[in-house]
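Colleague: Sharing a structure with you now.
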Amino acid sequence: MGTVFTNQTSASRAFVGDGARVSFGFDFAVFDDSDIKITLDGVTLDTGFHVALARGDAVAGGVVTFETPPADGSLIVIARMLRLRRLSDYDAMSVPRGDAIDRDLDFITAAIGDLDGALAATLRLDAADRDQASAKLPRIEAGRVLIWNPAGDGLANGPDGVEIAKAASHASLAQDAANRAEAADARSQTALKSFVQSDAGAVLDLDFRTANALVWEDERRMPVIDASTSRIMDIRETGSLVRLSNGARLSLPDASLARNGVRYRVFNGDGTMVDISAASGDVIAPVHGGAENILYPLPIRGDMVDLVCDGGGTGGAGGTGGNSARWFACPVRESGPLVKLLRTNAQGIPAGGSFLIEWDQVVEDSHSLYDSSNHAITGLAPGFYQIDIGVCFPITNEAVMTSLFVERFDGTSWNYHLRSRDITAIGSGAEHSLRLSGVARIDATPATGLRVRLLHSDAQTRNIGASDLLTWLHLHRIGG
C-alpha cells in the first residue's frame, strides 16, 4: 500500500452541489471510513451520508454518497482526519508481516503529512525572529486586542474597543482642529495684509477704473457689497452678500482645504448678465448636474446663487486637484425678486382678534403683483416662494404672545399657510422683532395670492414700529 502516497499532495477535495448529484469521489488514502470528515457549507456532518472505500493496495480513495442531494450552490468538503491509534500489535514471539509494517508506515506518513498541512495554516514567527521573540499568549482579558510589547519580544493585552473608539474620535477632533487652525491662519494672513495699503487687494480686489464700490447694510443688517459698472471683484473671506450690477464680474479665490465650507451668496442686481469666475482655473460645478464652467452666468435680474467651497485638493480644472477641490454653485432662485415691502409708518393693531398688516411702502415690485386694495400679493404663478417677514413691536411693561401668519388664497378663500409665534420681552425704550421665514407653495388655481396677518394677546392696542430696517416682507420665487 506504500505506493498510495507517491505524488499525493492534498488530503481533501471540495465540490459545489447542484441539487441533483449525490455521489462525490475522493482520491486520497484513508485507513477506515471513520477517517473521513465531511462538511456542508462549513457545518460538520455526522449522518446523512455513506462512505465506500476503494479496495486494493494500488487504489486510494473512495466515494461519499449523500442520502439527500446537497442544495444547488452548497459547498461540500471531503477531508481526511486521522485519529491517532495503533493499527497493528507486535509481540515478542511473532514475526511481523511485511504488509502490516507497510500499512503502519503509511499511517504514520499520512498523519505527519496532515500535521504538516495543519501547521502550515497557523501563525508562525519569521525565521529571523525565532530566537528573540516568544509567541506565548498572555492571560485572557475579554474584549482586548493583542499587541507586541514595547520590547518587541512577546505579546501583551492591548486596548479594548472603547479605548480604540476614543482614540479614533480624538484623531478626528485633532484633524478638525488642524483644519480650523489652517483656516484661521489663512484668515489672519488676509487680515494682516489688509492693514498694508499696498496689499489691500488681499481683502477686496476692485478695478478702480470707474466709480467706487458701495458697502452698506440691508434692512436685516446684512453687510452688502455693491459692485457696479464693469467691476471685477475678489471677495476672499469677507462672507458678505455681494450684488453684481451692469455686467460686473466676481472672481473667487482658490478652492482649498483651508476654505472648505466657506459660502458666499451672490445675486444679480440689475437686468444685465453678470459672471462669476474662480481663480487659478478652479471649476465651478453646478449642483443640478450641469456642465462645469470657469464662468457661471447670472443672466436674469434677481438670480441668486450660493457659492460653496468644497476643499480637500489642490484645485485646477481637470488637473492636479481632480474633483476634490471645487467651488459648487447652488442656485437659490430662478426667476428673480417678486416684491419687497417695507414699513416706514406705524400701524395700530387693536386688541382682540387678528389683523392684516398694511404695507405703506413698496420698495420693489418687479412683476406688479402687489395689490394695495386688500394688502395682498396676488396673481402669483404656480411654484415655490421663499418668504422672509419681520414685524417690529415696541417693548412695554407687559409681555404678550404674538402670532404671525402667512395666508394663501386658493381662488375662493384665504387660509393659514405658515405661522410663527413668540413672546415679547418686558421693558421700555426698546423694540422686539417677530420673524417668519419659510417656503410657500402656490398651486395652479385662479387668483392665487399671499398676505400677512398678525395676532397679539395684549388687551391694549399695539403698534407695529415705524422702521424700514425692522419691519419688512421679502418674496422670491425659487422654483416652478
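The values are calculated or read from the model by the stated rules, or taken from the named source; none is laboratory data. Quick caveat, the model's predicted, so the values are computed rather than measured. All Cβ positions, glycine included, derive from the backbone under ideal geometry; neighbour counts span all protein chains shown. Protein only, heavy atoms only, side chains kept; ligands, DNA and RNA dropped before computing areas. Shrake-Rupley method; radii C 1.70, N 1.55, O 1.52, S 1.80 Å.
Colleague: Condition test on residue 308, is it surrounded by fewer than 21 Cβ atoms within 10 Å (Cβ to Cβ), of a type outside the set (D, E, K, R), assigned to a strand (DSSP E or B) and at pLDDT 75 or above?
Modeller: It is true that residue 308 is surrounded by fewer than 21 Cβ atoms within 10 Å (Cβ to Cβ), of a type outside the set (D, E, K, R), assigned to a strand (DSSP E or B) and at pLDDT 75 or above.
Colleague: Now for a separate question. Name the pairs whose Cβ atoms lie under 7 Å apart, with the first residue in region 409-422 and hydroxyl-bearing (Ser, Thr, Tyr) and surrounded by 15 or more Cβ atoms within 10 Å (Cβ to Cβ), the second part of a strand (DSSP E or B) and at pLDDT 85 or above, and 6 or more positions between them or separate chains?
Modeller: Pairs that qualify, where the first residue is hydroxyl-bearing (Ser, Thr, Tyr) and surrounded by 15 or more Cβ atoms within 10 Å (Cβ to Cβ) and the partner is part of a strand (DSSP E or B) and at pLDDT 85 or above, are 420/404; 420/434; 420/435; 420/436.
Colleague: Same structure, new question: Just give me the residues in region 256-284 being under 22 Å from the mean Cα position of the chain (by Cα) and either surrounded by fewer than 18 Cβ atoms within 10 Å (Cβ to Cβ) or modelled with pLDDT under 80 (or both), in sequence order.
Modeller: 256, 257, 258, 259, 260, 261, 262, 263, 264, listed by residue number.
Colleague: Here's something else I'd like to know. Looking at region 21-30, which of its residues are in contact (Cβ under 8 Å) with a residue 40 or more places away in the chain and of a type outside the set (Ser, Thr, Tyr)?
Modeller: Hits for region 21-30 are 21, 22, 24, 26, 28, 29, 30.
Colleague: Working only within region 311-329, note down all residues that are open to solvent by 10 Å² or more (accessible area, probe 1.4 Å), out of contact with any Leu (no Cβ under 8 Å at 6 or more places or on another chain) and at pLDDT 60 or above.
Modeller: 324, the sole residue that qualifies.
Colleague: When only residues in region 289-305 that are open to solvent by 10 Å² or more (accessible area, probe 1.4 Å) and modelled with pLDDT under 70 count, which is farthest from residue 477 (Cα to Cα)?
Modeller: 289
Conditions tested, residue by residue: (1) closer than 25 Å to residue 444 by Cα; (2) over 43 Å from the mean Cα position of the chain (by Cα); (3) of a type in the set (S, T, N, Q).
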position	(1), (2), (3)
349	no, yes, no
386	yes, no, yes
402	no, no, yes
424	no, no, yes
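Colleague: Look through region 234-253, keep the residues that are part of a loop (DSSP other than H, G, I, E, B) and hydroxyl-bearing (Ser, Thr, Tyr), and return whichever of them is modelled with the lowest pLDDT.
Modeller: The qualifying residue modelled with the lowest pLDDT is 238.
Colleague: Tally up the residues in region 31-82 that are open to solvent by 80 Å² or more (accessible area, probe 1.4 Å) and free of Cβ contacts under 8 Å to residues at least 12 places away in the same chain, please.
Modeller: 4
Colleague: Report whether or not residue 368 is more than 21 Å from residue 464 (Cα to Cα), over 36 Å from the mean Cα position of the chain (by Cα) and polar (S, T, N, Q).
Modeller: Yes.
Colleague: Related question: Output the number of residues of region 131-189 satisfying the condition of being open to solvent by 60 Å² or more (accessible area, probe 1.4 Å) and either β-branched (Val, Ile, Thr) or touching a residue at least 40 places away in the same chain (Cβ under 8 Å) (or both).
Modeller: Going through region 131-189 one residue at a time, the tally reaches 7.
Colleague: Which residues, taken from region 431-466, are among the acidic types (Asp, Glu) and either under 39 Å from the mean Cα position of the chain (by Cα) or assigned to a loop (DSSP other than H, G, I, E, B) (or both)? Spell out the reasoning first.
Modeller: Taking region 431-466 as the starting set, the residues that turn out to be among the acidic types (Asp, Glu) are 431, 443, 458.
Across region 431-466, the qualifying residues are 443, 458.
Colleague: Further question on the same structure: Quick one: how many residues across region 251-267 are touching a Leu at 6+ places or on another chain (Cβ under 6 Å) and free of Cβ contacts under 8 Å to residues at least 40 places away in the same chain?
Modeller: Adding up the residues that qualify gives 0.
Colleague: Does at least one position in region 77-99 carry a residue that is charged (D, E, K, R), modelled with pLDDT under 75 and assigned to a helix (DSSP H, G or I)?
Modeller: Within region 77-99 (the criterion being charged (D, E, K, R), modelled with pLDDT under 75 and assigned to a helix (DSSP H, G or I)), the answer is yes, since at least one residue qualifies.
Colleague: Of the residues that sit in region 423-442 and are touching a residue at least 40 places away in the same chain (Cβ under 8 Å) and surrounded by 15 or more Cβ atoms within 10 Å (Cβ to Cβ), which one is nearest to residue 381 (Cα to Cα)?
Modeller: 442
Colleague: While we're on this one: Of all residues in region 379-396, which are open to solvent by less than 40 Å² (accessible area, probe 1.4 Å) and more than 23 Å from residue 430 (Cβ to Cβ)? Quick ask: steps written out before the conclusion?
Modeller: First, pick out the residues of region 379-396 that are open to solvent by less than 40 Å² (accessible area, probe 1.4 Å): 380, 383, 385, 387-393, 395.
Within region 379-396, 380, 383, 385, 387 qualify.
Colleague: Could you list, in sequence order, the residues of region 49-74 that are assigned to a loop (DSSP other than H, G, I, E, B) and modelled with pLDDT of 90 or more? Steps first, answer last, please.
Modeller: Taking region 49-74 first, the residues assigned to a loop (DSSP other than H, G, I, E, B) are 54-61, 67-74.
Passing the criteria: 67, 68, 69, 70, 71, 72, 73, 74.
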